[in-house]
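Taking it in order: structure first as structure tokens, then the write-up.
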Amino acid sequence: MTDKEALREQHYNATVVGKIMVTPNMMILRVVADEPRQEFSAGQYTTLGLLGLEPRSANSDAEYKPAPPEKLIRRAYSIASARHETREFEFFVSQVKSGQLTPRLFALEVGQRLFLGKRIVGAFNLSDAPADKDILMIATGTGITPFISFLRSHVAQRPQSRMAVVQGASHQRDLGYYSELSFLRSTFPNFYYLPTLTDADSTWSGHRMWIEEMLEAGVIEKESGVALDPQRTHVYLCGNPAMVENVSAWLEEHAGYRKHSAKQEGELFVEEF
């Protein structure tokens, strides 16, 4: 056994079983753990890792800080899988071209090995949403991931609760899970999907607005029936920090929402990237 093989044997505990390139810099990665993990709450995360000796993707840039070959590079990623999936896990990953880990993740192929964290943690627990509340989920980029976990885990279990996903992107190709969310919209009468693009081409027939503009125009309430009312609806935000900051400020100022924290109960839940 070579030194590289010994290091991989020492650190790796999962295998890639699926890889879908959504765009050249966004992918859905599916891995199977050697040993099952505990059941988790939709919205939580775990870690992925690779050694510094692993190759980088062909379209990555020079590493901003070269990783030592023997170093296990680890980062946290939200889980897209349903909460009861304790062996196979799905992640939606965006490549940071000069980063240490994501270019190596993008170079992986089916059958190759990697590190998968043993613990699943996080306070962004959509599974804890009260059954009598409607749910509004607002996302950009890979921020859609915890909402996919929530829907896979709970959409069929909450027929009396209205649920809406607002997903913003520049182009349609950037809308991760577009087909699955569209399918859910056509299958569950209590689920509403409102994608919006800021730089759409002529083939796009949907919304062409910033998420903040949708709030101002009342589009979300009109099309989903989900009221921007803290007494009736819990709101979850995940994605671009500027979007999260702007939407949080709007909801607090115009709709009376309070941001939830360890020190304060609130109806607005934010996952910081």
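A compact table of results
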| read-out | value |
| --- | --- |
| Neighbour-count ranking [beta-carbon atoms within 10 angstrom, fewest first] of Asp201, Asp34 | Asp201, Asp34 |
| Hydrodynamic radius of the stretch 188-245 per Kirkwood, over alpha carbon pairs, in Å | 13.0 |
| Per-residue [θ]222 nm for the chain (sum of -39500 (n - 2.57) over DSSP H runs n ≥ 4, rounded to 500) | -6500 deg cm²/dmol |
| Residue exposure sequence - Met214, Met1 - by fewest surrounding Cβ within 10 Å | Met1, Met214 |
| The chain - percent relative contact order, Cα under 8 Å, separation 6 or more | 17 |
| Mean shadow area of the chain, taken as a quarter of the surface of its Cα convex hull (nm²) | 15.3 |
| Peptide ranges 69-79, 148-158 listed from the most packed, as the mean C-beta count within 10 angstrom indicates | 148-158, 69-79 |
| Separation of alpha-carbon centers, the stretch 64-112 and the stretch 138-188, rounded to whole Å | 22 |
| Least to most buried among Tyr192, Tyr178 (fewest other Cβ within 10 Å first) | Tyr178, Tyr192 |
| Relative contact order computed over the stretch 174-243 (Cα-Cα under 8 Å; 6+ residues apart), in percent | 18 |
| Nonlocal Lys pairs with alpha-carbon distance under 27 Å, the chain (8 or more apart, or different chains) | 18 |
| Beta bridges per DSSP with both ends in the chain, % antiparallel, nearest 5 | 50 |
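Where a number appears in this text, it was derived from the coordinates with a stated rule and is not lab data. In this text the structure is predicted, and so the values were computed from the model without any measurement. Note that each Cβ is placed from the backbone with ideal geometry, even for glycine, and that neighbours are counted across all protein chains shown.
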